[in-house]
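To start, the structure itself, in structure tokens.
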Ligand code: AMP
């Protein structure tokens, strides 16, 4: 954190301690309390956009001043604020946002691309101390085998050890107690309902028992969306969780809530990487009409293939074959040669530039061949 003593301006003034805000959830909850939003009895959906400051070692995607877009759903229990449906609703909204921004989803066959939702339950305010005690106890036996950072974390904030990326320590960390084994029945049932609601709306997720949040006020559902394109090692695009006891911790009424913060800088890096990839990506095919008489047929074929979702560029019948090949090789993965014979027979000559193979393919088989 950035905290320092501000210089007293006059001899009579006392120096004051100033801190730049590292995150916004606590500030939003404080505003909820101060403005008595709980008295309305309604569920509040609040958002913020702005800079945050953290004293971290800067690298790509990690800055000391960065920007967040965040939102919090908070209210009295009677407004539905504690319901697992809120958690699933927030996650479904975020999945839809990333889909609509055109960020692809990771899949089993494609796990190194696209966005991935990972979640966990860190339990209630009573589950967690029991877990932390068990974790401390287990760490006491193995911490001397761990890296220096983890030895320190084992003392100061044992939950942070679970976050560690240190290769050599992974086996030891995987063998530590899991929070899932320390959840009470209410927390277990809450988490199961969140997962069931996500299944019902087809939001893909992975449960990671090691996912925790650094701050103590988080309870139950915690989550993170990561992306594999454009961010390098800092691949957490957004994170969030439930904080059912936070309002009471800072002197307010009972007001369970759940929220998230998107790293705006990382969102932009992700979108930029995607745009660059799209610009560099070659088209599925280039159609070369052999003579102007085939121009109309070439356009008809382009229309047919585009309707199948393929990306197509059409040359012109006035181009010499050599020129068509040169242009096609630059912009597309394959060239389709459309001469009089091809139009008559319905069999198109296709050359794939990567394999160098050239063959005749029935028009109806073109979409599957070119994909
Ligand atoms: P956190 O509250 O730490 O989970 O942060 C939420 C999101 O803010 C993360 O998922 C990142 O996208 C972004 N973020 C956190 N710290 C930084 C940083 N130092 N620089 C840039 N983005 C950050």
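The values are calculated or read from the model by the stated rules, or taken from the named source; none is laboratory data. This structure is a prediction, so every number in the text was calculated from the model and none was measured. We place every Cβ from the backbone using ideal geometry, glycine too, and count neighbours over all the protein chains shown.
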Out of all the residues in the range 262-287, which are away from the ligand (no atom under 16 Å from the Cβ) and free of Cβ contacts under 8 Å to residues at least 60 places away in the same chain? 275, 276, 277, 278, 279, 280, 281, 282, 283, 286, 287
Determine which member of the set 79, 124 is modelled with pLDDT of 95 or more, surrounded by 13 or more Cβ atoms within 10 Å (Cβ to Cβ) and away from the ligand (no atom under 16 Å from the Cβ). 79
If you go through 163, 216, the only one that is under 20 Å from the mean Cα position of the chain (by Cα), surrounded by fewer than 20 Cβ atoms within 10 Å (Cβ to Cβ), within 16 Å of the ligand (Cβ to nearest atom) and within 18 Å of residue 131 (Cβ to Cβ) is 163
If I ask for residues that are within 20 Å of residue 259 (Cβ to Cβ) and touching a strand residue (DSSP E or B) at 6+ places or on another chain (Cβ under 7 Å), which ones from the range 176-202 would you list? 187, 190, 191, 194
From the list 52, 16, 44, 68, exactly one residue is more than 12 Å from the ligand (Cβ to nearest atom) and within 19 Å of residue 261 (Cβ to Cβ). Which is it? 44
With respect to residue 114, is the statement that it is more than 26 Å from residue 219 (Cα to Cα), in contact with a strand residue (DSSP E or B) (Cβ under 6 Å, 6 or more places away or on another chain) and crowded, with 16+ Cβ neighbours inside 10 Å true? yes
Quick check on residue 180: is it in a helix (DSSP H, G or I), in contact (Cβ under 8 Å) with a residue 40 or more places away in the chain and under 30 Å from residue 98 (Cβ atoms)? yes
